Structure formats: structure tokens, C-alpha cells
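Asks: Before I ask anything, let me first share the structure, which is written out below as C-alpha cells.
The values are calculated or read from the model by the stated rules, or taken from the named source; none is laboratory data. Keep in mind that what you see is a predicted model, and the values were worked out from it rather than measured. Virtual Cβ from ideal backbone geometry, glycine too; neighbours counted across all protein chains shown. In case anyone asks, the SASA skips ligands and DNA or RNA and just uses the protein heavy atoms, side chains included. Shrake-Rupley method; radii C 1.70, N 1.55, O 1.52, S 1.80 Å.
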Amino acid sequence: MDYFLTEEQTALRDLVRKIADEKVRPLAAKLDREGIFSWDLVKIFAESGLYGVVVPEAYGGTGQGVLELAIVSEELAKACAGVTLAVAASALGMFPIIISGNEEQKNRYLPELAEGKHLAAFCLTEPEAGSDAGSLRTRAKRDGDHYILNGTKVFITNGGVAHIYTVIALTDPEKGTRGASAFIVQDDYPGFKLGKEEDKMGIRASATREIIFDDCRVPVENRIGREGEGFKVAMKTLDKSRPGVASQALGIAQGALDLAVDYARTRVQFGQPIASLQGIQFMLADMATQIEAARALVYAAARMIDSDARNIGQVSAMCKLMASDVAMKVTTDAVQIFGGYGYMRDYPIEKFMRDAKITQIYEGTNQIQRMVIARSLIRDAASKK
Ligand SMILES: Cc1cc2nc3c(=O)[nH]c(=O)nc-3n(C[C@H](O)[C@H](O)[C@H](O)COP(=O)(O)OP(=O)(O)OC[C@H]3O[C@@H](n4cnc5c(N)ncnc54)[C@H](O)[C@@H]3O)c2cc1C
């Protein structure tokens, strides 16, 4: 389908497609098998300007938006969903600064992040605060011109490879989510520690790690927004970043479909390529149709978000929900089309199925996306009465 991309967006897509084909795909199996985060690829992404896509021009970026980030994520994920996160999770870590940071914070941090000189990460999840993110316990206690952070964040993408961490912590525990604040924490601050490195089912080329704050001293000027606004900053961040997960899911699904079509054309059973069997054709047709429907929703949601529309939470959750469910279904069917060979690590397809699963879980599980959508529907209906 034609999504009427501008010349600039088409050029970005073609550039990232070339990088994905020539630089990422040849490394994907090795990075996955050995669980390697590739700094060589980060260098290529940085030189190609991919880290600056969501950063305004005034702070060294190209001033594009959520749609362009979606295009980048989709193209990279066709080759390797894990590698995609080296870019997408840095954008996630930058969003709190872009959305709610002050001039001084933007000038200090965004240019080097846009250049890809450093990576960013976003720290919300804790051992006792996953879907129920409001149960966070990480504490930020004011001590003169610093805050002292104590607590543990888990499952942090780009943990250990990022230099800049945007962190949600409680400044006033009595007030619950209204007592949370957002901070910019550098990995060289005293009391910043790396915890357990995760060994994952999929996206194994992405670094995922526990981050520990042990009397970590953070200057007051690194608080994003006012005290008590941290949860709002986190929710606004997720509204902007969920189409990135959705487009990662789209790329995974499209990459799997492309492999399944090729395989079906060449695998001969009953004296004919399995692609000539109607049962296989129907599967391929459904996979392609579901992907296109998800892409239409992701691009529409991204465009709406980039237009500064209000109430973007609902469409952002919808596109993440749909694209990730499509990715899981399509990759499972793709493995089916490969038959027994699809189950073997000698073939690239099983990786797509393992990679797809995370898109239904992170940045809010799909149960949580359904809650976001339903609450928004019910709120809208109530406001019309
Ligand atoms: C690889 C990876 C990378 C991640 N990266 C980051 C990151 O960079 N930064 C960050 O902050 N976090 C990150 N996360 C955390 C991720 O967002 C959480 O894992 C996710 O939100 C779910 O939380 P949980 O794992 O604690 O599951 P739980 O909240 O314990 O959920 C368990 C199950 O219960 C269901 N459930 C929970 N509440 C409800 C409800 N009210 N109604 C119906 N069902 C419900 C869930 O859908 C799920 O199926 C990452 C996670 C992973 C696995």
C-alpha cells in the first residue's frame, strides 16, 4: 500500500533498508546466538543520523518525529529486532527530556544523544512495579542541591550500554504516583550501579539489565519538570514511544512473511512447491493482510501523534496492541510454513517468533493496552453526557 511518505521519509526508509540488508542481517544470527550488543552497528546508526530522528533541530537532531522513528524501527526489525532497540530504546530514554526537559537540560544532553555519541535508557519498572507502575519504591530524597536516589530498576533496555538514564522515583512517597518525579541520571554519578544482566528468550542483541541506585547523588538541576510530575512525564513518554514498539513488531512480522514466501516457493512436497497449495496460500494471504492493516494503524497513529493531537494515549495503545498481536500470529504461522526446519536454529525463522513475543509484553503488556483503550473510551463517553 502507498502511505504517501514524503521524499524525505522515503529517503530515510531506503537508507535504513540498505543498512538493515547490508550491515544488520548478516550479523543477526551471530548476535542472537551469542547475545552480543553490537557497538559497531551503533557506530553505523550514529553516522547515518538515526539517533537524531526524534530530536528537534535546535538540539542537534533532524527534527522529524514518531512516524520517522517508526520507519527506522520497522526497517531495522525486518533484519533484527534486538538490534533495533539500540536506536528505539535510546529514543525512549530521550523522550522525557524532549517532552518535559528545560532548555538547559535539552542543550546539555540532547546534542550528544542525537549524534549517537551516547545512548539513553528509560527506567520505570521495578521488581514490585511492572504493570502496576504506580507501586514504584525507588526513593529520591532531597539533600541540599542534590537528590539521593535509592532503589532498583529491572529489565532496563540499554542498561549498561547507555550513559544517560531517565528515571522515575518517589520524592514524596505519601502521595503515591503524584509524589513521583523524573530525573536525568548519568552512569558516572556516585552510587549508580549495574545489576544483573538478563539472558533473554528473544531480542538477544539488545542489552537488558538491572540498574541499582545506592545513595546515588543526582544534582537538583537534573530533575525533569516539577516535583510530583514524574508519573505524568512517564505516561507522556509511553504515549509517544509505543508506536516504536508497534513498528518493531511490524518489521518482525514483515521480515517473517518475506522469509515464509521465499521458503514456500522453493520447498517441494507432493511434487510441487508448497506455495502452490491453497492451504499455504491462504495462510500467506492472511499474514500479509494482517500486516498491512497493522501498518495502516501504526502510521495513522504516528501521524496523529506528530500533529500534536490531544488524547494520543488511545491510538498509541491501539497500534501497539494490534501490531504486536499480528507479529506473534504471523511469526508463529511463518514457523509453521517452514515445518520442522522452522523449529531448527539453522534457519532464521524461529528467531522472529522468539523476538515477536516481547512486543506483547514491554511498554505495557497487551492486557494493559486494552485497559488504556477501554478507560479512554469510557471517559470519552462520560464526557459527552
Ligand atoms: C526485555 C524487556 C525489556 C524491557 N525494557 C524496559 C525498559 O527499558 N524500561 C522499563 O522501565 N521497563 C522495561 N521493561 C519492563 C516491562 O515494561 C514490564 O515487564 C511490563 O510492563 C510488565 O510488567 P511485569 O513484567 O512486572 O509483569 P506483571 O505486571 O507482573 O504482569 C504479569 C501478568 O499479569 C497481567 N496483568 C497485570 N495487571 C493486570 C490487570 N490489571 N489486568 C489484566 N492483566 C494484568 C500482565 O498483563 C501479565 O500478563 C522491559 C521488560 C522486558 C522483558
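Asks: Suppose the filter is within 12 Å of the ligand (Cβ to nearest atom), crowded, with 23+ Cβ neighbours inside 10 Å and under 20 Å from the mean Cα position of the chain (by Cα); does residue 95 pass it?
Replies: Considered against the rule, which asks whether it is within 12 Å of the ligand (Cβ to nearest atom), crowded, with 23+ Cβ neighbours inside 10 Å and under 20 Å from the mean Cα position of the chain (by Cα), residue 95 comes out as yes.
Asks: Scan region 103-129 for residues that are open to solvent by 30 Å² or more (accessible area, probe 1.4 Å), in contact (Cβ under 8 Å) with a residue 40 or more places away in the chain and either within 15 Å of the ligand (Cβ to nearest atom) or in a loop (DSSP other than H, G, I, E, B) (or both) and report the count.
Replies: Total meeting the criteria: 2.
Asks: Scanning region 130-159 for residues that are assigned to a loop (DSSP other than H, G, I, E, B) and open to solvent by 70 Å² or more (accessible area, probe 1.4 Å), which turns out nearest to the ligand (Cβ to nearest atom)?
Replies: Per the stated criteria, the residue is 131.
Conditions tested, residue by residue: (1) of a type in the set (Lys, Arg); (2) touching a helix residue (DSSP H, G or I) at 6+ places or on another chain (Cβ under 9 Å); (3) closer than 26 Å to residue 242 by Cβ.
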| site | (1), (2), (3) |
| --- | --- |
| 350 | no, yes, no |
| 353 | no, yes, yes |
| 357 | yes, yes, yes |
| 373 | no, yes, yes |
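Asks: Right, here's the next one. Checking the condition within 19 Å of residue 160 (Cβ to Cβ), modelled with pLDDT of 95 or more, assigned to a helix (DSSP H, G or I) and away from the ligand (no atom under 16 Å from the Cβ), which residue from 40, 32 passes? Steps first, please.
Replies: Numbers: 32 fails: away from the ligand (no atom under 16 Å from the Cβ).
Testing whether each residue is within 19 Å of residue 160 (Cβ to Cβ), modelled with pLDDT of 95 or more, assigned to a helix (DSSP H, G or I) and away from the ligand (no atom under 16 Å from the Cβ) leaves just 40.
Asks: If only one of 329, 351, 357 is more than 16 Å from the ligand (Cβ to nearest atom), closer than 18 Å to residue 202 by Cα and in a helix (DSSP H, G or I), which one is it?
Replies: Every option except 329 fails the conditions.
Asks: Within the group 204, 217, which residue is more than 16 Å from the ligand (Cβ to nearest atom), touching an Asp or Glu at 6+ places or on another chain (Cβ under 9 Å), at pLDDT 95 or above and basic (Lys, Arg)?
Replies: 217
Asks: Within region 287-309, track down each residue that is over 22 Å from the mean Cα position of the chain (by Cα) and farther than 17 Å from residue 263 by Cα.
Replies: If the condition is that a residue be over 22 Å from the mean Cα position of the chain (by Cα) and farther than 17 Å from residue 263 by Cα, then 289 is the only one that fits.
Asks: Could you please tell me which pairs satisfy a Cβ distance under 8 Å, a separation of 6+ or placement on different chains, a first residue in region 305-319 that is touching a residue at least 40 places away in the same chain (Cβ under 8 Å), and a second residue that is part of a loop (DSSP other than H, G, I, E, B)?
Replies: 305/65; 305/312; 306/65; 317/364
Asks: Within the group 73, 100, which residue is touching a helix residue (DSSP H, G or I) at 6+ places or on another chain (Cβ under 7 Å) and within 30 Å of residue 352 (Cβ to Cβ)?
Replies: 73
Asks: How many residues are open to solvent by 50 Å² or more (accessible area, probe 1.4 Å), within 16 Å of the ligand (Cβ to nearest atom) and over 15 Å from residue 121 (Cβ atoms) when one looks only at region 180-195?
Replies: 0
Asks: Return a yes/no flag: does region 7-22 have any residue that is under 23 Å from residue 67 (Cα atoms), over 21 Å from the mean Cα position of the chain (by Cα) and not charged (D, E, K, R).
Replies: yes
Asks: Among residues belonging to region 369-381 that are within 18 Å of residue 298 (Cβ to Cβ) and of a type outside the set (S, T, N, Q), point out the one that is farthest from the ligand (Cβ to nearest atom).
Replies: In this case the residue turns out to be 373.
Asks: Just to be sure before I move on: is residue 242 open to solvent by 10 Å² or more (accessible area, probe 1.4 Å) and under 30 Å from residue 349 (Cα atoms) in the structure I sent?
Replies: It is true that residue 242 is open to solvent by 10 Å² or more (accessible area, probe 1.4 Å) and under 30 Å from residue 349 (Cα atoms).
Asks: Checking residue 61 against (1) small (Gly, Ala, Ser); (2) in contact with a Gly (Cβ under 6 Å, 6 or more places away or on another chain); (3) surrounded by fewer than 24 Cβ atoms within 10 Å (Cβ to Cβ); (4) farther than 25 Å from residue 182 by Cα, which test does it fail?
Replies: Unmet for residue 61, out of (1) small (Gly, Ala, Ser); (2) in contact with a Gly (Cβ under 6 Å, 6 or more places away or on another chain); (3) surrounded by fewer than 24 Cβ atoms within 10 Å (Cβ to Cβ); (4) farther than 25 Å from residue 182 by Cα: (4).
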